[in-house]
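Worksheet: the structure to be examined is printed underneath.
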Amino acid sequence: MDQTKQEEEYGYDLFPERKPGEHKKTSIAESLFTFNHKCQVMLQFAVETSEYQLFSLFLSGCSKVFKDRHFSCEDCDGTVSGGFDAASSQIVLCQNNIHQQSHMNRVVTHELIHAFDHCRAHVDWFNNFRHLACSEIRAANLSGDCSFTNEVARFNFGLKRHHQECVRGRALRSILAVRKISRAEAEKIVDEVFDSCFNDHAPFGRIPHSKRDAKFAYRDYMNRDRYYANL
Amino acid sequence: TSINFSPYQPNVAAEIRTRQSRQRFSSVPLPSVVEPVQTVASVSCSWGAALGVVFCYFKPPRACEDYWSEFRHCKSLKNCFHHYYTYGTVPSCQQWKEDYHNCREWEKHRGTEAKEALRRSEKIRVAEQRNFIPVWQLRQEPPRDWHVPLNQEKPQDS
């Protein structure tokens with residue numbers, strides 16, 4: 001069946017509540033017996049952090065990011081933490097796989113980077129693997145997924161230039177999770193676009209490793225008029 | 001109205017020049033005492049309201065304190081660690097310090113040398129930011145379905 005094939009090809013089978021083209025509201029029973037409420041609460045906290053507010057500004061043309069419209073808490077398969085559904089312009093959060101606030105913050109940032117790419121460029125999510133790889137590289141790079149502490153928590157001990165290895169690995173994993181291609185092919189694609197996409201730090205202008213980096217990125221953004229006028 | 005930064009207008013400098021040629025208000029506030037025009041293309045221009053003419057003047061791209069705080073941040077142990085973790089090298093922070101001194105120098109003496117040094121340094125920074133070939137084409141306007149309510153979306157064609 002065409003729709004099943006499409007679901008598998010584009011990774012929708014990881015998000016069983018999300019049939020392409022259909023949208024249903026959460027029932028009360030679902031709210032009671034799933035992690036939906038916890039997800040909503042954590043999302044509320046995540047939305048109030050400064051990084052998120054910074055991001056809402058950065059989304060420019062998509063400057064209004066509404067929690068109710070653009071975020072959705074759902075049950076997902078496997079160990080997936082979230083996703084960005086370009087078809088419905090929604091960020092999906094996996095309520096059964098996100099159990100800590102810090103994890104939620106990270107997933108929100110990661111998916112917002114996908115949303116940011118979707119808003120500012122013609123990203124062909126479904127057919128162009130290079131675009132997908134690029135966005136995954138950027139999201140792993142800029143969201144804090146590959147911070148030293150997160151890597152150590154995963155028992156990946158590395159120091160010199162380990163960030164890049166981590167970004168490569170996580171981008172690869174993300175692509176393999178949602179698309180049916182071979183590992184070798186995925187590695188080749190990631191290698192092709194890595195240099196370009198790793199160095200694309202939009203909208204931050206730097207890789208935000210800490211709160212101060214984020215604060216300075218925000219300051220640069222607020223100062224942009226003066227900056228460009230005086231170059 | 002302020003000059004809007006937008007990812008849909010990659011050539012910001014050209015946009016600024018176009019706007020200036022249309023003599024729109026810039027976002028920079030009017031000075032109470034007007035500096036004489038130093039030079040050339042990329043400066044801030046605004047109407048001298050009482051006098052009805054356009055005055056152009058330069059301001060350092062960032063506030064001098066910003067340069068100093070960037071320098072301090074660059075030098076910090078945490079940042080050095082993160083830089084090593086990402087790039088395998090220790091960051092070089094000297095440029096921020098020089099920019100800070102040039103900024104203060106310009107504030108005191110309004111010299112052309114300091115101004116040009118600052119501009120040069122910032123232009124290099126901007127060039128470094130853009131030093132890659134984009135994989136995708138940038139949009140001219142946001143996606144149309146971003147705000148479309150969910151129930152109204154058409155089913156995706158297979």
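The values are calculated or read from the model by the stated rules, or taken from the named source; none is laboratory data. Quantities reported herein were computed from a predicted structural model and do not represent experimental measurements. Please note: Cβ atoms are built from the backbone with ideal geometry, for glycine as well, and neighbour counts cover all protein chains shown. Keep in mind that these areas ignore ligands, DNA and RNA; they rest on the heavy atoms of the full protein, side chains included. Shrake-Rupley method; radii C 1.70, N 1.55, O 1.52, S 1.80 Å.
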Pairs, first under 28 Å from A:VAL190 (Cβ atoms) in segment B:126-148, second among the aliphatic types (A, V, I, L, M) and surrounded by 14 or more Cβ atoms within 10 Å (Cβ to Cβ), C-beta under 8 Å, six or more apart = B:VAL126/A:LEU231; B:PRO134/A:ALA121; B:VAL135/A:VAL193; B:TRP136/A:ALA121; B:TRP136/A:VAL123; B:GLN137/A:ALA121; B:LEU138/A:ALA121; B:ARG139/A:ALA121
Considering (1) surrounded by 14 or more Cβ atoms within 10 Å (Cβ to Cβ); (2) modelled with pLDDT under 95, say which one B:THR86 fails and leave the rest.
-> (2)
Name the single residue, out of those in segment B:140-154 being closer than 18 Å to A:ASP68 by Cα and in contact with a helix residue (DSSP H, G or I) (Cβ under 8 Å, 6 or more places away or on another chain), that is modelled with the lowest pLDDT.
-> B:LEU150
Answer yes or no: is there a residue in segment A:197-212 that is outside the structural domain of A:SER143 (by the TED database), part of a helix (DSSP H, G or I) and either surrounded by fewer than 20 Cβ atoms within 10 Å (Cβ to Cβ) or in contact with a Gly (Cβ under 8 Å, 6 or more places away or on another chain) (or both).
-> yes
Could you tell me whether A:ASP191 is in a loop (DSSP other than H, G, I, E, B) and open to solvent by 20 Å² or more (accessible area, probe 1.4 Å)?
-> no
Output the qualifying pairs, or none if there are none: Cβ atoms under 8 angstrom, residues six or more apart or on different chains, first residue in segment A:211-231 and free of Cβ contacts under 8 Å to residues at least 40 places away in the same chain and more than 7 Å from chain B (Cβ to nearest Cβ), second residue aromatic (Phe, Trp, Tyr) and open to solvent by 20 Å² or more (accessible area, probe 1.4 Å).
-> A:ASP220/A:TYR227
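Please return the ranges of helices (runs of 4 or more DSSP H) entirely within segment A:109-180 where 2 or more residues are under 16 Å from the mean Cα position of the chain (by Cα), more than 9 Å from chain B (Cβ to nearest Cβ) and of a type outside the set (Lys, Arg). Lay out the reasoning, then the answer.
On the way: elements: A:129-142, A:148-153, A:162-178.
Result: A:129-142, A:162-178.
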